[in-house]
Amino acid sequence: MRRSVFTAGLRAAFLLGLGALGAGQTGFVASAQQKLETTEVKIDNFTFGPAALTVPVGTTVTWINKDDIPHTVVSTDDPKTFKSRVLDTDEKFSFTFSKPGTFPYFCSIHPKMTGKVIVQ
Amino acid sequence: MHPFDIKAVLFAKHAQHVVLIHFPIALFIIGVLFDFLAQWKNQRLLAAAAYYNLLVAAIATIPVVVTGILAWQWELEGQKLKGILLMHLVMGCLSTVLICGVWFIHARTRRKQQEVLSGYRLPIEAVAVVIVALTGHLGGFLSGVNGPG
């Protein structure tokens, strides 16, 4: 009787451990997906989304134009840290941020469109 | 940015191309309207009004073309255009040729002291108005006049 209780306890502990491991993995996958998503900036309906993006040093940020209109991605500093070609619908531009700082940018065709990348 | 820097008036936030373009469009359409009215009413005063509107429209195309091409060369670094931008460039050049061409037809008639303007100008003017309107539509689409804010 005592042995069966002990075995049942072990089984329960094992199952609980497995469950916790599974939850941990799910959390890890979700975290990785979230990290992956935040490195992409969508251009849609004349806006950059997200308008402000915080990333660690060394991150490559990709802008993708989901608008019907051509757009550009140009940093506001002089000389320009980054400057894309004109991006037509579904075209992408990537830049790797190797230094910390705040990098405001805009669309040179539609200057009201602004955004910034905060590199920490 | 220096206020008298030539690039300041061409680059984004201060781009003059989108401002200046309204002058030739308005003057040309009104000029054509006066010309059609002059033809219909047979009035010299209306014909003169048409001529001067077309003259100023033709002159006004020069800074528009210059600012547009310089903005393309400097802001977009002269990159090969495609899609709507290319269509806008081609139709803009065609519009300029048509506006100047229509003015030239009127100017040639005035120089030769001819009483009657040739009738073929009217369909050319009508086509030119359509091309100018389409170019303006593309320009408005590009500049995002229908966008938020």
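The values are calculated or read from the model by the stated rules, or taken from the named source; none is laboratory data. Everything numeric in this text was worked out from a predicted model, so none of it was measured. For neighbour counting, all protein chains shown are included, and Cβ atoms are generated from backbone atoms with ideal geometry for every residue, glycine included.
Per the listing B:S95, B:S143, the residue uniquely surrounded by 14 or more Cβ atoms within 10 Å (Cβ to Cβ), farther than 20 Å from B:N53 by Cβ and among the small types (G, A, S) is B:S143.
Out of curiosity, is B:F28 at pLDDT 95 or above, out of contact with any Gly (no Cβ under 6 Å at 6 or more places or on another chain) and of a type outside the set (S, T, N, Q)?
On the way: at pLDDT 95 or above: yes; out of contact with any Gly (no Cβ under 6 Å at 6 or more places or on another chain): yes; of a type outside the set (S, T, N, Q): yes.
Criteria met by B:F28.
Is segment B:57-67 home to any residue that is closer than 17 Å to B:A126 by Cβ and free of Cβ contacts under 8 Å to residues at least 24 places away in the same chain? No, that holds for no residue. Residues of segment A:71-120 that are of a type in the set (K, R), under 20 Å from the mean Cα position of the chain (by Cα) and surrounded by fewer than 15 Cβ atoms within 10 Å (Cβ to Cβ): A:K92, A:K99. Within segment A:72-97, being touching a Pro at 6+ places or on another chain (Cβ under 8 Å), within 12 Å of chain B (Cβ to nearest Cβ) and not in a loop (DSSP other than H, G, I, E, B) holds for one residue alone: A:L87. Considering segment B:19-65, and only residues there that are in contact with a Pro (Cβ under 9 Å, 6 or more places away or on another chain) and among the small types (G, A, S), the residue that is farthest from B:S118 (Cα to Cα) turns out to be B:A60. Inspect all residues belonging to segment B:105-126 and state whether any of them is crowded, with 18+ Cβ neighbours inside 10 Å and either under 12 Å from the mean Cα position of the chain (by Cα) or on the phi > 0 side of the Ramachandran plot (or both). No, the conditions are met nowhere in segment B:105-126.
From the list A:P111, A:P100, A:P104, A:P56, the one residue that fits, being free of Cβ contacts under 8 Å to residues at least 12 places away in the same chain and either more than 12 Å from A:V41 (Cα to Cα) or facing chain B (nearest Cβ under 10 Å) (or both), is A:P111. With respect to the conditions (1) within 19 Å of A:I109 (Cβ to Cβ); (2) without any contact (Cβ under 8 Å) to a residue 40 or more places away in the chain, B:M87 falls short on a single one, namely (2). Of the residues making up segment B:40-91, those that are basic (K, R) and within 30 Å of A:V86 (Cα to Cα) are B:K80, B:K82. When the residues of segment B:59-72 are filtered to those that are within 14 Å of chain A (Cβ to nearest Cβ) and either of a type in the set (A, V, I, L, M) or more than 19 Å from B:T96 (Cα to Cα) (or both), the one that is surrounded by the most Cβ atoms within 10 Å (Cβ to Cβ) is B:A71.
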